[in-house]
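Please read the structure below before turning to the comments.
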Amino acid sequence: MNFPQYRMLINEKVIYRIIDDRNFEEKQRSGSKVFHFKMEATQYPEILKIQDMLNCNEELYIIKDEKDWLAF
């Protein structure tokens with residue numbers, strides 16, 4: 001799999017840029033504000049979250065691309 005990968009929650013309020021299998025960035029929209037977080041998966045649940053995003057598990061995620069990330 002090539003990185004980065006991009007995913008969005010189906011509610012379209014959160015978008016992720018997955019750097020690799022242990023690191024991702026997250027942008028959250030709340031009203032007119034956008035919050036940006038950088039995360040490193042060090043615990044097993046966090047690692048599973050990245051795997052779920054990459055696999056689009058549980059029908060929670062939509063595959064996106066860099067232009068969606070930049071426009072968010």
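No value in this document is a laboratory result; all are computed from the given coordinates. Since this is a predicted model, take the numbers as computed values, not measurements. Positions of Cβ are generated from backbone atoms using ideal geometry, with glycine treated the same way; all protein chains shown enter the neighbour counts.
Please check the chain for the longest run free of trypsin sites (Lys or Arg not before Pro) that are loop-located per DSSP (anything but H, G, I, E, B) and have at most 15 other Cβ atoms within 10 Å. Segment 23-72 is the longest. With distances taken between every two different alpha-carbon atoms, the chain has a Kirkwood hydrodynamic radius of 12.2 Å. On full extension, the segment bounded by Ile10 and Lys67 gains 18.8 nm, given 0.36 nm per residue less the C-alpha separation.
Rounded to the nearest 20 debye, the dipole size of the chain about its Cα centre is 340 debye, using +1 on the Cβ of Lys and Arg and -1 on the Cβ of Asp and Glu.
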